[in-house]
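Taking it in order: structure first as structure tokens, then the write-up.
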Amino acid sequence: MHFIRAMLLPVTLLAATPAPAEEIVVFAAASLKSALDEMAAGFRADTGNDVAISYAGSGKLAQQILAGAPADLFISANLQWMDEIENAGLVAREGRRDILGNRLVLIANDSEQPRVEIGPGTDLPALLDGGRLAMGLVQSVPAGQYGKAALEHLGLWDAVAENVAQTDNVRAALALVSNGEAPFGIVYASDALAGDNVTVAGEFPESSHPPIIYPAALLTHTGDQADRAFLDALSGEAAAAIFARHGFTVLN
């Protein structure tokens, strides 16, 4: 009997040993930082799995993934860059879903800035008064791409193009306005909530730019349950409440 107990003891101890924590590497659009940091912290607390998040402009992150960067998940601020990743065969089967939406707004550094009705007749040069209009890079940062599309649709781009200060990501554009280096900027509504010393001066009509959609996807080299669990958590009730509180539209 003592021998049997001695044989069973190591097995019992082995069974009680917790599984080692996994690390989930996420590449995410910079506009997600405030909300995603909070959501990831809750996921860590619930599962014990670590979440390492790299934030940047979606275009920059997509190029890094295409070059072989070892990310497990990618969350883009537009469909274009996720399509690039999927067309390259880097999205896992049934691993992509649209999770969030957003709105495009004009922000000002002046807390007393009157509300601006943004349309074809808006006199943006007069509003800028020689100052800069902060935007993400209009060729690669989704907020910059949406912003340029909206300004072109409204017939306003040519009048302000020379005054645009382009940044590597939307949070950098937010910082220029927050720090007073630019009097106005074009960012997402969620960024305006996250910024200090900024006021929403106006909102761009949704019809003036493509729908703002954030797709999330597992990448092909990922295979453990923790990665998929985090993707599922992005669409869970707890995450939905966090994202909504930070100004995003929850799509599912």
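The values are calculated or read from the model by the stated rules, or taken from the named source; none is laboratory data. What you see is a predicted model, and the numbers here were worked out from it, not measured in a lab. With ideal geometry, Cβ positions are generated from the backbone for all residues, glycine too; neighbour counts draw on all protein chains shown. Quick note on the areas: whole protein, heavy atoms, side chains included, nothing else; ligands and nucleic acids left out. Shrake-Rupley method; radii C 1.70, N 1.55, O 1.52, S 1.80 Å.
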Next on the checklist: Are there strands (runs of 3 or more DSSP E) fully within the range 41-108 with at least 2 residues that are in contact with a Pro (Cβ under 7 Å, 6 or more places away or on another chain) and at negative phi? List them.
Outcome noted: 91-101
Checklist entry - What is the number of the single condition among (1) in a helix (DSSP H, G or I); (2) surrounded by fewer than 20 Cβ atoms within 10 Å (Cβ to Cβ); (3) of a type outside the set (Val, Ile, Thr) that Leu231 does not meet? => result (2)
Next on the checklist: I need a count of the residues in the range 207-228 that are open to solvent by 20 Å² or more (accessible area, probe 1.4 Å), more than 21 Å from Ala35 (Cβ to Cβ) and part of a helix (DSSP H, G or I).
Outcome noted: 2
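Kindly indicate whether Gly247 is at positive phi and at pLDDT 95 or above.
yes
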Checklist entry - In the range 177-197, what count of residues is obtained for those that are in a helix (DSSP H, G or I), under 21 Å from Ile118 (Cα atoms) and not polar (S, T, N, Q)? => result 5
Checklist outcome for this item: Picked from the range 43-77 (must be in contact with a Lys or Arg (Cβ under 7 Å, 6 or more places away or on another chain) and of a type outside the set (A, V, I, L, M, F, W, C)), the residue surrounded by the most Cβ atoms within 10 Å (Cβ to Cβ) is Tyr55
Item to check | Scope the range 234-252; condition open to solvent by 40 Å² or more (accessible area, probe 1.4 Å) and among the small types (Gly, Ala, Ser); matching residues | outcome: Ala238, Ala241, Ala244
Checklist entry - Under the condition of being over 20 Å from Ala244 (Cβ atoms) and of a type in the set (S, T, N, Q), which residue from the range 79-106 is surrounded by the fewest Cβ atoms within 10 Å (Cβ to Cβ)? => result Asn87
Next on the checklist: Is it the case, given these coordinates, that Glu203 is open to solvent by 60 Å² or more (accessible area, probe 1.4 Å) and in contact (Cβ under 8 Å) with a residue 60 or more places away in the chain?
Outcome noted: yes
Item to check | Pairs, first under 16 Å from Lys148 (Cα atoms) in the range 117-132, second part of a loop (DSSP other than H, G, I, E, B), C-beta under 6 Å, six or more apart | outcome: Ile118/Phe204; Pro120/Leu154; Pro120/Gly155; Leu124/Leu156; Arg132/Ala182
